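Student: Dropping a structure here in structure tokens format, bear with me for questions.
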């Protein structure tokens with residue numbers, strides 16, 4: 001079945017603008033005007049949904065509720081790693097941070113540039129598809145081990161004490177970047193440059209939010225990610 005980008009947006013003109021912009025780049029889309037319609041289709045698993053473009057202010061079920069279901073409800077574990085871009089008129093830094101805290105991979109404020117939407121979509125899909133699906137056949141998986149943490153780059157998996165933990169694409173990228181240069185200190189801007197290809201989404205606070213969630217998911221090894229005050233972060237399993 002052809003991969004689909006789900007557009008959850010109740011304003012018809014905006015949904016059509018998003019759909020046509022992505023269609024020009026060769027993507028297939030499906031528009032959902034309400035959260036329940038999207039969730040019902042997701043549960044039926046009739047579509048190969050590879051990304052969600054999500055508005056926050058929706059009738060019947062808010063975008064925030066949908067995001068919580070996708071990223072935090074065990075019932076939807078199979079869909080947790082689907083990248084989500086919020087496109088919303090709620091444009092304060094608090095709104096953006098909340099969206100990222102709930103697991104969104106990116107946040108675009110309305111009114112938006114169609115070119116920006118397609119560029120962000122393409123960049124995010126390149127990262128997520130490359131990490132999960134495009135490993136050349138016959139090559140050994142790339143495994144990184146830090147103490148009892150095992151990172152499989154090719155399969156987009158992180159194991160803690162042998163148990164697979166579910167990370168968002170941004171959390172996974174941070175984990176890979178830090179673990180490949182164990183002990184190196186990365187400032188927030190450098191991490192943002194590597195994750196978002198030089199596009200500053202908001203501020204260094206974005207990185208702080210993802211680090212917070214990553215530490216929580218790595219428990220009891222979240223302490224491996226250390227804060228270097230006034231600079232940034234590093235990954236080290238040595239006691240200090």
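Student: So residue 13 clears everything in (1) without any contact (Cβ under 8 Å) to a residue 12 or more places away in the chain; (2) at negative phi; (3) not in a helix (DSSP H, G or I) except one condition, right? Which one?
Tutor: Only one criterion is unmet by residue 13, namely (3).
Student: Can you give me the number of residues within the range 73-89 that are modelled with pLDDT under 90, over 22 Å from residue 126 (Cα atoms) and surrounded by 14 or more Cβ atoms within 10 Å (Cβ to Cβ)?
Tutor: The qualifying residues number 1.
Student: Looking at (1) over 17 Å from the mean Cα position of the chain (by Cα); (2) more than 27 Å from residue 217 (Cβ to Cβ), can you tell me which one residue 35 breaks?
Tutor: So residue 35 meets the others, but not (2).
Student: Among the listed residues 4, 31, which satisfies the condition of being in a strand (DSSP E or B) and in contact with a helix residue (DSSP H, G or I) (Cβ under 6 Å, 6 or more places away or on another chain)?
Tutor: Details: 4 fails: in contact with a helix residue (DSSP H, G or I) (Cβ under 6 Å, 6 or more places away or on another chain).
Only one candidate passes the filter, namely 31.
Student: Look through 22, 17, 58 and report the one residue that is under 19 Å from residue 105 (Cα atoms) and surrounded by 14 or more Cβ atoms within 10 Å (Cβ to Cβ). So that I can check it myself, show each step before the final result.
Tutor: Working: 17 fails: under 19 Å from residue 105 (Cα atoms); 58 fails: under 19 Å from residue 105 (Cα atoms).
After ruling out the rest, the residue left standing is 22.
Student: For the range 174-222, name all the residues that are surrounded by 16 or more Cβ atoms within 10 Å (Cβ to Cβ), modelled with pLDDT under 90 and assigned to a loop (DSSP other than H, G, I, E, B).
Tutor: The answer is 201, and nothing else.
Student: Which number in (1) outside the structural domain of residue 206 (by TED's automatic domain parsing); (2) at pLDDT below 90; (3) under 26 Å from residue 36 (Cα atoms) marks the one condition that residue 123 misses?
Tutor: (3)
Student: Moving on to the next point. Pull out all pairs, ordered by first then second residue, where Cβ-Cβ is under 8 Å, the residues are six or more apart or on different chains, the first lies in the range 179-206 and is within 17 Å of residue 101 (Cβ to Cβ) and outside the structural domain of residue 98 (by TED's automatic domain parsing), and the second is at pLDDT below 80 and not in a helix (DSSP H, G or I).
Tutor: 188/204; 192/200; 192/201; 192/204
The values are calculated or read from the model by the stated rules, or taken from the named source; none is laboratory data. Worth saying up front: this structure is predicted, and the values here are computed from it rather than measured. Quick reminder, even Gly has a Cβ in these numbers, built from the backbone with ideal geometry, and neighbours come from all protein chains shown.
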